[in-house]
Amino acid sequence: MARVLGVLASGRSDGYTAKLLQSALDAAAQVDGVEVQLAKLGSFRLGPCLSCFKCIRDASHVCVLDDDFGRSGNGALFKLVQEANALVTATPVHNYGVSALAHLFFERLYPFLWSGAINGMTFAAITCATNQGMHKEALREACRFAYTYGLRWIDGVAVHASFYDRALTAVKAVGREVALAARADAVQRAAFTDEERMLHYQSLPWKPHEPTLENLELIDHAWNEQSFKR
């Protein structure tokens, strides 16, 4: 059975964002061979990364913090991600970007960067704004995080509450798309090479080419200045 994990990064469990995510999951659940799970981040005990680097040094690449994304791989939320075949995140727009809960979730995926366990996993994002909008900007931020971990971005929906009914139709289509991809992932996951990941994201909401080159230029400058201690 393929598993689609919906991650709600909103403090409201029954608001606009929650209903969008649930609509996507309901559509995913209609696909044969797929089960869905909902993780409301506000219901988990979850703190920020402490940059202890133990997830890098330990061969098992798990987090040792005593919360639901740690406990040496036994945290409830960590296990939900580890067992999923696809992720769908949904976040309200806070300060022109994703919520603090969404940022925290993405940040705590760091052990998976080193284990490679979610490299190539199907991913979709939903952002929901009211008032001033910036839902597309938040979607780009979610896309950037997905690129960081090698998640396979399949789709995203940037929603303004003024067009909420139209968005409900859009997220249902995404839910079905994610479910079909999750079913294929359950048979065999196609992990990204660095080159494949770079090319895949070139046409997506966040494009890695320019910031990657800028970063390499800065690192090259530091190397030439002999700034590296190790």
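Annotation note: chymotrypsin sites (Phe, Trp or Tyr not before Pro) in the stretch 58-107 located in DSSP loop regions with a Cβ neighbour count of at most 13 within 10 Å are TYR96.
Between the alpha-carbon centres of the stretch 60-81 and the stretch 90-132 there is a gap of 17 Å. Here is what passes the span test in the chain: the DSSP H helices with alpha carbon length of 30 Å or more along the helix axis and a Kyte-Doolittle mean of -0.5 or above are 164-187.
Quick one: length gained pulling ALA190 to ALA29 fully straight, 0.36 nm per residue minus the C-alpha distance? Show your work: numbers first, answer last.
Numbers: separation 161, 0.36 × 161 = 57.96 nm, distance 2.26 nm.
Full-extension gain reported as 55.7 nm.
Between the stretch 2-29 and the stretch 137-155, the C-alpha centres lie 17 angstrom from each other. Rounded to the nearest 10 square angstrom, CYS52 shows an accessible area of 60 square angstrom against a 1.4 Å probe.
Rounded to the nearest 20 debye, the dipole size of the chain about its Cα centre is 440 debye, using +1 on the Cβ of Lys and Arg and -1 on the Cβ of Asp and Glu.
Per residue, how large is the accessible surface of the stretch 188-230? Use a 1.4 angstrom probe and give square angstrom. Intermediate values should be presented prior to the final figure.
Details: 3840 Å² over 43 residues.
Dividing the accessible area of the stretch 188-230 by its residue count gives 89 Å².
What's the carbon and sulfur percent of the chain's accessible surface, probe 1.4 angstrom, rounded to a whole number? C and S fraction of accessible area: 50 percent. Farthest toward the positive end of the dipole of the stretch 173-230, out of HIS209, PHE228, ALA186, is the Cα of ALA186, where the dipole comes from beta carbon charges about the Cα centre.
With each run of n ≥ 4 DSSP H residues scored as -39500 (n - 2.57), what mean residue ellipticity at 222 nm is computed for the chain after dividing by its residue count and rounding to the nearest 500 deg cm²/dmol? Please list the in-between numbers first.
On the way: 9 runs with 104 residues, N = 230.
Mean residue ellipticity, 222 nm, calculated: -14000 deg cm²/dmol.
Taking all protein chains into account, the per residue accessible area for the stretch 27-115 stands at 47 Å² (1.4 Å probe).
The values are calculated or read from the model by the stated rules, or taken from the named source; none is laboratory data. These figures come from a predicted structure and were not determined experimentally. For neighbour counting, all protein chains shown are included, and Cβ atoms are generated from backbone atoms with ideal geometry for every residue, glycine included. Accessible surface is based on the protein model in full, side chains and every heavy atom, while ligands, DNA and RNA are left aside. Shrake-Rupley method; radii C 1.70, N 1.55, O 1.52, S 1.80 Å.
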